[in-house]
There are 2 protein chains.
Amino acid sequence: MATGRTHRPATRSRGIPEATVARLPLYLRALTALSERSVPTVSSEELAAAAGVNSAKLRKDFSYLGSYGTRGVGYDVEYLVYQISRELGLTQDWPVAIVGIGNLGAALANYGGFASRGFRVAALIDADPAMAGTPVAGIAVQHTDDLDRIISENGVSIGVITTPPGAAQQVCDRLVAAGVTSILNFAPTVLSVPDGVDVRKVDLSIELQILAFHEQRKAGEEAAADGRAPVDTDADEAPPMRATPTGRKGPDGDMPAVMPA
Amino acid sequence: MATGRTHRPATRSRGIPEATVARLPLYLRALTALSERSVPTVSSEELAAAAGVNSAKLRKDFSYLGSYGTRGVGYDVEYLVYQISRELGLTQDWPVAIVGIGNLGAALANYGGFASRGFRVAALIDADPAMAGTPVAGIAVQHTDDLDRIISENGVSIGVITTPPGAAQQVCDRLVAAGVTSILNFAPTVLSVPDGVDVRKVDLSIELQILAFHEQRKAGEEAAADGRAPVDTDADEAPPMRATPTGRKGPDGDMPAVMPA
DNA sequence: ATGTCTTTGTGAACGCGTGCACAAAGATGG
DNA sequence: CCATCTTTGTGCACGCGTTCACAAAGACAT
């Protein structure tokens, strides 16, 4: 019970936990699928299964948005699609600019999932002059020199960075200077941005490394279960000769032990 | 995060928290950069800044791996690179198969970050017979029919799915049946997998929607600060006529008037 | 109405992750 | 050897997120 106040969650984007926000798109996708199948209502149990989450969690998530369900029945699909869309800000148009039109940038430009929900690829930007004018996914690539103007003229507030890592921070700075306040970073770089700017990163190599960790652990457990010698996964087998703090070993010769105190 | 039912009630395995594992690749990247600059040691403060995290958090993370630092000095870069690499399982070779060679799949195949650390693109698989044999990133695409054999012969345990959403679950099932136990899913689908299989997803559209949410919130606050009428971000303005079950086609045509306001 | 049945919404407990703050450990200099 | 200085490693407290379990709300049948 929302403390008896109205069923309206008092303007609270503030009150919506980040973890919940991250799941809303998941619910929305499942609901959209139901909507296309003309399913009128859905229970928390069913929807949770479709979204791959716990039903109690789903109900709590929805409770942050308000009381949109009916006890004994479930949730009205269309109504919920609308409420979540509105909460996520998908009822308005979001022009997006992609900077760095290499393999990945081009792939994203062609990606259908973009236009589907409020997002529109408004500009493609690349530093290579040779690419200027070349159409990618039906949109002419523009040169980085015009980045500022392009962002302003199109009212872009969300930028996608798909440049090589070395250029990412610079591009980021320029985007922010031009007025972008949300960045989706595909470059394997830690971006630093001023307060008020949101950055989310998508990092293939990090994801793979996390999978490798679990994969290795599984292999080790399996070996142990087989009764064989477990994979040596944590002993200090042949470390690269833990460098003595003072004297560095061989190759680097007389590297002065620099290390700004 | 992983979507499947991969919930492990804290295996006694390694006491390394999931959150820490997710940051290790970040530290590793920063350390590798330092290593290339021949920096011998680094303090938790410096490294934390480079990785974009809190220094106390970094120290605690490292403490799960062991005591690899030297008080008063810091951490030996080379030694730490080795320890983290080993912990993540990057000292061994991980053959990876990419299924679905469209724009995105091809872009990933060409992505350099792959080979860099233990990962090797061992096979490209696509359902389109016309693509079979076509070289992408120097590797000939093979047909889905041979998926099982390809996975087995190459000892692939990590699969990357870049197919259209409709094919993702089926491809996933086949990968798992063939022996894959870790999946990186780029398709906008919730994959269900048996226990013991890890799934991580990369979802462009979800990331954008999360950014849109915050963007909308920022716009609302800004408007409020300007003294203008705040963006209506939560009132029940013009809902799609809450569940007016008016003539919903379907088996149950009668459709009671549910969902009162 | 009354009773039964279904499903929501949420109080409460728990566990994980984060950040502070500090003692311990080691380096360094006299 | 002792004093001082730097930086690690961690005990502790706090807050967020998850999950359980259940009372309340409403649908539906009689």
| query | All other residues with a Cβ under 13 Å from the Cβ of residue A:97 taken together, and with Lys, Arg as +1 and Asp, Glu as -1, what is their net charge? | reply | -1
| task | List the distances, in nm to one decimal, from the label point of residue A:143 to the label points of the same position in every other copy, shortest first, placing each label point 7 Å from Cα along the Cα-to-Cβ direction. | result | 4.8
| said: From the phi angles alone, apply the Karplus equation (6.51, -1.76, 1.60; θ = phi - 60°) to region B:38-44 and give each ³J(HN,Hα) in whole Hz, x where the residue is Gly or Pro. | reply: 6, 7, x, 9, 8, 8, 4
| For residue B:64, label point 7 Å along C-beta direction: distances to other copies, nm | 2.3
| query | So which of A:60/A:218; A:201/B:60; A:57/B:60; A:60/B:57; A:60/B:201 end up more than 28 Å apart, counting from Cα to Cα? | reply | A:60/A:218; A:57/B:60; A:60/B:57
| query | Quick one: net charge of residue A:36's neighbours, Cβ under 12 Å, K/R +1, D/E -1? | reply | +1
| For residue A:130 and residue B:115, what is the calculated FRET efficiency with R₀ set at 35 Å and r taken between the beta-carbons, to the nearest 0.05? | 0.85
| In vacuo Debye scattering of region B:94-204, one point per C-alpha: log10 I(q)/I(0) at q = 0.10, 0.15, 0.19, 0.22 Å⁻¹? | -0.23, -0.55, -0.92, -1.28
| Can you list the HN-Hα couplings for region A:25-37, worked out from phi with the Karplus curve (6.51, -1.76, 1.60; θ = phi - 60°), rounded to whole Hz and with x for Gly and Pro? | x, 5, 4, 4, 5, 5, 5, 4, 4, 5, 4, 5, 8
| Radius of gyration and Dmax over the Cα atoms of region A:39-126, both given in Å | 17.4, 55
| said: Counting each pair of different Cα atoms once, what's the Kirkwood radius of region A:18-88 in Å, rounded to one decimal? | reply: 11.7 Å
| residue A:136 long-range amide H proximity, modeled H, under 5 Å | A:141
| query | Given labels modelled 7 Å from the Cα in the Cβ direction, how far is it in nm from residue A:143 to residue B:225? | reply | 3.6 nm
| message | With θ taken as phi - 60° and the coefficients 6.51, -1.76 and 1.60, list the Karplus ³J(HN,Hα) couplings across region A:203-215 in order, rounded to whole Hz; mark glycine and proline as x. | response | 10, 3, 5, 5, 4, 5, 5, 5, 4, 4, 4, 5, 4
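A short reminder: the numbers here are calculations on the coordinates, not readings from a lab. Here the structure is a predicted model, which means the values were calculated and not measured. We place every Cβ from the backbone using ideal geometry, glycine too, and count neighbours over all the protein chains shown.
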